[in-house]
Structure formats: C-alpha cells, structure tokens
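The values are calculated or read from the model by the stated rules, or taken from the named source; none is laboratory data. Since the model is a prediction, treat every value here as computed from it, not as a measurement. Neighbour counts run over all protein chains shown; Cβ positions are idealised from the backbone, glycine included. Just so you know, the surface numbers come from the protein's heavy atoms only, side chains and all, with ligands and any DNA or RNA stripped out. Shrake-Rupley method; radii C 1.70, N 1.55, O 1.52, S 1.80 Å.
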Number of protein chains: 2
Amino acid sequence: LSNSVRNLPIGVFDSGIGGLTVLAALRRQLPHESFFYLGDTARLPYGTKTSATVERYALQAVAELVRRGVKAIVVACNTASAAALPALLKQYPELPIIGVIEPGAAAAVAATRTGRIAILATEGTVRGGAYQRAIIQRLPHAKVSSVAATLFVALAEEGWISGEVAMLTAGTYLAPLFADAAAAPDVLVLGCTHFPPLADVIRAVAGERVQIVDSAQTTALALHELLNARDLAANAGAARLAFAVTDGEERFARVGASFLGMVIEASAVERVDLSAR
Amino acid sequence: LSNSVRNLPIGVFDSGIGGLTVLAALRRQLPHESFFYLGDTARLPYGTKTSATVERYALQAVAELVRRGVKAIVVACNTASAAALPALLKQYPELPIIGVIEPGAAAAVAATRTGRIAILATEGTVRGGAYQRAIIQRLPHAKVSSVAATLFVALAEEGWISGEVAMLTAGTYLAPLFADAAAAPDVLVLGCTHFPPLADVIRAVAGERVQIVDSAQTTALALHELLNARDLAANAGAARLAFAVTDGEERFARVGASFLGMVIEASAVERVDLSAR
C-alpha cells in the first residue's frame, strides 16, 4: 500500500452531532490519524425513522465520504449501525467499515457479572434488536432488556445534562429496570451516541454498583486493530480534522463543542447536500 | 368555478405530526371540507434546521400536494410558515396558501391587554423573528419576547404531556419571562404545533391570569374566510380525510392519534418520497 492511501482520512458518519463523542474517543486512541466527520443534520434524528429510510440515508452519506477519499469508515451512530451496516458492507466489500453496535455489545459482555444487561437507545435501535442479537451471540445465557429513551437525545442537544429535569427523566426511563432488585441489570449500555453527556445523571439514578458502558472507546480499539491488520495505519505526521454537515454549520459548531470536548469553528464546517447522491 | 374544483381537498402540510392539532381545528370549523394531510416525517423536525433548508423542504411538499390536486394549502407548521411562506406564494401566485404565523399573531394581539406577549416556539421560529414582526405590524407598541422551548417537541412526541418532567421543563423555560412581575407577559403564544398538548402544563406553570393562544383556531377561521372570498367552499357532501408521510406510517398513526384526537389507521397512511421532487 502506498503512503498516500495510509495518510487518507478516516470517514466518520453520524446523523448529526452525537457521533462527535465517538470521534473524541477515536482521536484519543489514534492521535496520528486524520478524520473527516460528516453529520447529516438536515435529516436528523435517525432514531425515530424506519430502518429502510436510515439505510438509504447512510448509503448516501458513505457515497459522499468515498467520493472524497477515505481509507476506512466508522458509522458513529447506533441507529445507522443497526439499520445500514449490512448494506454498506455489501456495497463496499473492499472498504474497512465498522459500526458501534458490535463494539458496544463486546464491552457490555466484558463488563457484566450477572449476565443481565440493559440497553438505553433510540426507538429505532430498540425496535431493530441489533444489540440483543450481538450480545446473545457472545453470551448466550445473557438477559437483555432495552429502553427507548427518546428524550435523552433532546436533553443532550439542549445541554440539559444535569439538574432536575435530567434526573427525573432518567428516573422515569430507568425505574422499570430496577423495580425488581433480583432482576436488575448490572450493566447499562449507552446505545446512542447522544447519551454519554448524560452518563453522570444516569449513574446517579442507577446507583454506583451498575457499570455504564458506551461503545466509543471499544469502537476506537476495534478501529485501531482493523487499521493494523490491513496495514492502513497513518505514518506519523500532521493529523487533520475536517467537518461537513448537511445543514446548520453554526448550530453544529456551537452544540457540537460539548460533545467533542473542543471548540469547533463554524467557518471550518463545510455544507454538503446528500440528497442529490 | 366548477364543483369539481370546490370539492377538491385542502392540502395541509407539516414537518410531521404536530400539524394534526391544526387539522383538528380545521375539521371542526369546516366539517364539509376534505383534507389531504402530508407530514414530512423522514426529515422532521424542522425547528432546528436553517431557513434555507426548511424552505426547500416546503417547496417539495407543496409541489407534491399540487400534483395530487388541492384547492388550497395550509402550512400547518410554524417553522415552515416562517421560513417558506414568501417563496410558496411566489411559486404559486394563484393558489390560496395560508400559514399559521399571521393567524397566531392576530390571536395574540386580540387577547393582550398589556401589550406584553411571549412566544414559545422552536429555535428556527424564534431565530427568524416572524412572530415579532407580525405582532408589531398589528400592535406597534407591543413588547414581544420569545423562548426557544426545544424540549417541548420531544415531550409532546413522547406523550409526556403531564407529570413532573413536563412541569419542571415548562418551569425552566418560563421562569425568565415571569422573573419580573412588572414585565411579565399576559399572553403566551404556542408558536409550534407540537405545543397544544402541553397547554395544561404551561397554564399550571404560568398561572391562570395568563392567556394561552395557539394559531389552530384562528387559522381555521382565516381559511374559512379565504374559501368564501374565493368561492371555493365545498358543496355539502362526504368529507374525505387522507394522510401521507415520508416515513414511518405506523409511528405516525400511533403518535398522531393524540394530536388529532381520533384514531388513525396505519393502513390508511400512504408513503411518499419528496426528495425526488
């Protein structure tokens, strides 16, 4: 492989800003890599839409990333990973593509002692059942429950990640899981990339004995292994970071900063149109 | 005008399900009229997107309604009314088209005694300032404030329209308006079609002395007048009601029932693709 391929960026795709929590973990794990982040903000959220529609949107987004030149793809959105990964792998058999569901399931299985795992996710991810399947495949006796925590997305986007509204919302969603102590989960999976900013609130409600896992860190490890296995790791050099969205560069930069953990300049965010692809 | 034109349906367009609160008022006011409701559920919500993008989506939606044959258009979405009404009127100069902002502003001006009016709306509607302009045009000395109550959309869609989370959320958004009693508004405008299901909670927080107005009823009156002025009222006969969405017929039927106030059969909801227009 030529160095020009190794030094191509890694394409990171999400419905909007939530995937920036994954991008933050990728940059920590792979500081020499360049990333091109694409957020489909004109059509977010994906979590309440059907699998067929999310699959179509994801194919359009990855076509755009491929057109620009990337050496690998991270689908940094649980809903899109669940709905579109098979179609993406079929469409681009040569391209390394990973989602966040398999790494999240692996993290949950590694963390549980009782085998009782609960998934907090969007409606679409819960309905599809991809986490349940991925966990059961690794740990056949696991008891997997799931909660569609739709409001968490709006709370995270509004920046209400602490305080009474966030606490009560988390309490409402989590209460059924912990109603029967003997059946309570010992691992909660944050099955949506919008949820990590709410981790402290979720921990306060769920209690210290419950482990909270998200897929960002394990996805970064999985990507690291994949790049090494395919001899695609970048040579040491200036890592580049670029952003494109389908709508609202200013809002993306403003709201996204708290997800990425660094300032994003609105002027550095490009606008693209995916519906034309 | 031939009876065949008079008996065409009225096209009602919204980003998703919120416009069903307007449709409910239209049906009460105009029981002999037929309606075709189009919800752009594949791209909702519009409230966090830019005006240019919302205008493009609205032009695509109205093109679809015109293709199917309608005698008038109601833009039953505040964000789309604010962003797209000028472009729609320019594109279809012969077609009666009304939005919800002007009727909502008229209702607010009729209701206020102090001239202090507050708008609760989405980020996009607040940013555009269309309500402020429409109110000031009618009542130049009015003092108009506005609050982007983003989470109300998610609360209404989740069905959390009473209880502690809804109360605290309303309290958080409304507190700044009522911090100084001498400057407090006497009218609150529900400037988003998702908000009427939360009216009881908003009233409980704001107090009985504040009047809450929404644009649904005044929009229905405005449409009634417009149909009469253009000699377009339907002859008495069987009023038809049809629905189309761009995604998620099942979810639309399930969540929409509480907005419309009647059961919607998922099998009666058609799927359309607007992005191809």
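Condition first: more than 17 Å from the chain's Cα centre (by Cα), over 16 Å from residue A:123 (Cβ atoms) and in a helix (DSSP H, G or I). Can you find one or more residues in the range A:51-61 that meet it? Step through it out loud before you land on a result.
Initially, the range A:51-61 is screened for residues more than 17 Å from the chain's Cα centre (by Cα), giving A:52-53, A:56, A:60.
If we keep only those that are over 16 Å from residue A:123 (Cβ atoms) too, we end up with A:56, A:60.
Then drop every residue that is not in a helix (DSSP H, G or I), which leaves A:56, A:60.
Checked against the condition, which is being more than 17 Å from the chain's Cα centre (by Cα), over 16 Å from residue A:123 (Cβ atoms) and in a helix (DSSP H, G or I), the range A:51-61 yields at least one hit.
Kindly check whether there is at least one residue in the range B:224-231 that is farther than 19 Å from residue B:8 by Cα and open to solvent by 70 Å² or more (accessible area, probe 1.4 Å). Outline the logic, then answer.
Kept after step one, since they are farther than 19 Å from residue B:8 by Cα, are these residues of the range B:224-231: none.
The answer is no, given that none of the residues of the range B:224-231 is farther than 19 Å from residue B:8 by Cα and open to solvent by 70 Å² or more (accessible area, probe 1.4 Å).
So if I check each of B:242, B:253, which one is in contact with an Asp or Glu (Cβ under 8 Å, 6 or more places away or on another chain) and open to solvent by 30 Å² or more (accessible area, probe 1.4 Å)? Write out each step before concluding.
Details: B:253 fails: open to solvent by 30 Å² or more (accessible area, probe 1.4 Å).
Answer to the check: B:242.
Of the residues A:56, A:28, only one is surrounded by fewer than 24 Cβ atoms within 10 Å (Cβ to Cβ), touching a helix residue (DSSP H, G or I) at 6+ places or on another chain (Cβ under 9 Å) and either away from chain B (no Cβ under 14 Å) or among the β-branched types (Val, Ile, Thr) (or both); which? Don't jump to the end; show me each part of the working.
Details: A:56 fails: either away from chain B (no Cβ under 14 Å) or among the β-branched types (Val, Ile, Thr) (or both).
Result: A:28 is the single residue among A:56, A:28 that is surrounded by fewer than 24 Cβ atoms within 10 Å (Cβ to Cβ), touching a helix residue (DSSP H, G or I) at 6+ places or on another chain (Cβ under 9 Å) and either away from chain B (no Cβ under 14 Å) or among the β-branched types (Val, Ile, Thr) (or both).
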Checklist entry - Considering only residues of the range B:130-152 that are within 12 Å of another protein chain (Cβ to nearest Cβ) and in contact (Cβ under 8 Å) with a residue 40 or more places away in the chain, which is surrounded by the fewest Cβ atoms within 10 Å (Cβ to Cβ)? => result B:150
Next on the checklist: As an exercise: evaluate residue B:256 against (1) closer than 20 Å to residue B:100 by Cβ; (2) part of a helix (DSSP H, G or I); (3) more than 14 Å from every other protein chain (Cβ to nearest Cβ); (4) not basic (Lys, Arg) and give the number of the one condition it does not meet.
Outcome noted: (3)
Item to check | Test set (1) among the polar types (S, T, N, Q); (2) buried (at least 22 other Cβ atoms within 10 Å of the Cβ); (3) under 25 Å from residue A:26 (Cβ atoms) - residue A:217 fails condition number | outcome: (2)
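Regarding the range B:210-227, can at least one residue be identified that is in contact (Cβ under 8 Å) with a residue 24 or more places away in the chain, within 14 Å of chain A (Cβ to nearest Cβ) and touching a helix residue (DSSP H, G or I) at 6+ places or on another chain (Cβ under 6 Å)? Talk me through it step by step, then tell me what you get.
If we filter the range B:210-227 for residues that are in contact (Cβ under 8 Å) with a residue 24 or more places away in the chain, which is where we start, we get B:210-224, B:226-227.
After this cut, where a residue has to be within 14 Å of chain A (Cβ to nearest Cβ) as well, the list is none.
So far as the range B:210-227 goes, no, none of its residues is in contact (Cβ under 8 Å) with a residue 24 or more places away in the chain, within 14 Å of chain A (Cβ to nearest Cβ) and touching a helix residue (DSSP H, G or I) at 6+ places or on another chain (Cβ under 6 Å).
State which residue is most open to solvent (accessible area, probe 1.4 Å) when the search covers only the range B:153-170 and only residues that are more than 9 Å from chain A (Cβ to nearest Cβ) and small (Gly, Ala, Ser). Show your work before the answer.
Of all residues in the range B:153-170, those more than 9 Å from chain A (Cβ to nearest Cβ) come to B:156, B:159, B:161-162, B:166-167, B:170.
Now drop any that are not small (Gly, Ala, Ser), which leaves B:156, B:159, B:162, B:166, B:170.
Numbers: B:156: 4, B:159: 49, B:162: 85, B:166: 1, B:170: 0 Å².
Per the stated criteria, the residue is B:162.
May I ask you to verify whether residue B:199 is touching an Asp or Glu at 6+ places or on another chain (Cβ under 8 Å), free of Cβ contacts under 8 Å to residues at least 24 places away in the same chain and away from chain A (no Cβ under 14 Å)?
Numbers: touching an Asp or Glu at 6+ places or on another chain (Cβ under 8 Å): yes; free of Cβ contacts under 8 Å to residues at least 24 places away in the same chain: yes; away from chain A (no Cβ under 14 Å): yes.
It is true that residue B:199 is touching an Asp or Glu at 6+ places or on another chain (Cβ under 8 Å), free of Cβ contacts under 8 Å to residues at least 24 places away in the same chain and away from chain A (no Cβ under 14 Å).
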Item to check | Residue selected from the range B:94-128 under the condition assigned to a helix (DSSP H, G or I) and farther than 18 Å from residue B:141 by Cα, by the criterion most open to solvent (accessible area, probe 1.4 Å) | outcome: B:127
Next on the checklist: Regarding the range B:215-222, can at least one residue be identified that is at pLDDT 95 or above and among the hydroxyl-bearing types (Ser, Thr, Tyr)?
Outcome noted: yes
